[in-house]
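*Asks:* Sending over a structure as structure tokens; questions will come in a sec.
The values are calculated or read from the model by the stated rules, or taken from the named source; none is laboratory data. Keep in mind it's a predicted model, so treat the numbers as computed, not measured. Cβ coordinates were reconstructed from backbone atoms using ideal geometry, including for glycine residues, and neighbour counts include every protein chain displayed.
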């Protein structure tokens, strides 16, 4: 069995295939991912990245995968139709900052960093410089604000518990809003700055609590709720509103095809439930099945070693 692992370790997954699915007057690109541990073909529409992925066993024929995708064209279309409409950072766009809607106001003649001003009782995000750099300047401003709020929240909760975070890093994650490594490095999505403050504070408390309890035990949740009394409210907000945070800053051409426009909801701290994916069993030969089971065991052990 050890020899089996050693032989399979150097293997590289083949380059992903792509299937262009024609449906209702538009074309949707579907990425094909090959997985050594997959025992069936599964489909997923990912709200965060606004794309469609089909995962298949390595030995599954592309023709079979294509047939599966095409047979679920309506399923794909229905879920694409629920994706939130992209909200690029352009002049006049309305972007939430700490849960409060701000109007992006491009002032090309102004210099300096973006900042908030109030006009007629409405908060505006004033952004100078050329139009070509508008989106980046808005995102830079939001990341700075997210950094400031998360650093402060983490420091406050660490002081309460008498612990220390190794580092605090901001990323544009799609599968979870925050994480804590075994070494005490905390990672957060900068998009939490769009959410109301109690949501960001809860995520900071959640990950700081992992510095004490590297699990999701009752003791962990008791500690998290002590740090963030609005934990349940924040979790509910993320379940119902979290998906919408990924639409801000997305390019207009990243939206669903014209024939498939509309709205969605997704994403809490964990990936979407498996029942959201269409699936179909794909037969494996005995050797491939043995390899798949062995790799699945290794992946399960790795997953247990990772801290959410």
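*Asks:* For the stretch 207-223, state whether one or more residues are assigned to a loop (DSSP other than H, G, I, E, B) and in contact with a strand residue (DSSP E or B) (Cβ under 7 Å, 6 or more places away or on another chain).
*Replies:* Yes, the stretch 207-223 contains a residue that is assigned to a loop (DSSP other than H, G, I, E, B) and in contact with a strand residue (DSSP E or B) (Cβ under 7 Å, 6 or more places away or on another chain).
*Asks:* Quick check on my filter: what residues within the stretch 224-242 are closer than 18 Å to residue 193 by Cβ, part of a helix (DSSP H, G or I) and touching a helix residue (DSSP H, G or I) at 6+ places or on another chain (Cβ under 6 Å)?
*Replies:* Matches in the stretch 224-242: 234, 237.
*Asks:* In this structure, does residue 113 turn out to be assigned to a strand (DSSP E or B) and in contact with a helix residue (DSSP H, G or I) (Cβ under 9 Å, 6 or more places away or on another chain)?
*Replies:* So residue 113 fails the test.
*Asks:* Continuing with the same structure: Which one of 125, 200 is surrounded by 15 or more Cβ atoms within 10 Å (Cβ to Cβ) and not assigned by TED's automatic domain parsing to the domain that holds residue 242?
*Replies:* 125
*Asks:* Of (1) free of Cβ contacts under 8 Å to residues at least 40 places away in the same chain; (2) outside any strand (DSSP E or B), residue 55 satisfies all except one. Which?
*Replies:* Condition (2) is where residue 55 drops out.
*Asks:* Please tell me if residue 76 is assigned to a helix (DSSP H, G or I), modelled with pLDDT of 80 or more, surrounded by 20 or more Cβ atoms within 10 Å (Cβ to Cβ) and in contact with a helix residue (DSSP H, G or I) (Cβ under 9 Å, 6 or more places away or on another chain).
*Replies:* Against the criterion (assigned to a helix (DSSP H, G or I), modelled with pLDDT of 80 or more, surrounded by 20 or more Cβ atoms within 10 Å (Cβ to Cβ) and in contact with a helix residue (DSSP H, G or I) (Cβ under 9 Å, 6 or more places away or on another chain)), residue 76 qualifies.
*Asks:* Separate question: Exactly one of (1) assigned by TED's automatic domain parsing to the domain that holds residue 239; (2) free of Cβ contacts under 8 Å to residues at least 40 places away in the same chain; (3) not in a strand (DSSP E or B) is unmet by residue 132. Its number?
*Replies:* Condition (1) is where residue 132 drops out.
*Asks:* Kindly evaluate residue 155 against the criterion of being more than 28 Å from the chain's Cα centre (by Cα) and surrounded by fewer than 17 Cβ atoms within 10 Å (Cβ to Cβ).
*Replies:* For residue 155, the condition - more than 28 Å from the chain's Cα centre (by Cα) and surrounded by fewer than 17 Cβ atoms within 10 Å (Cβ to Cβ) - is not met.
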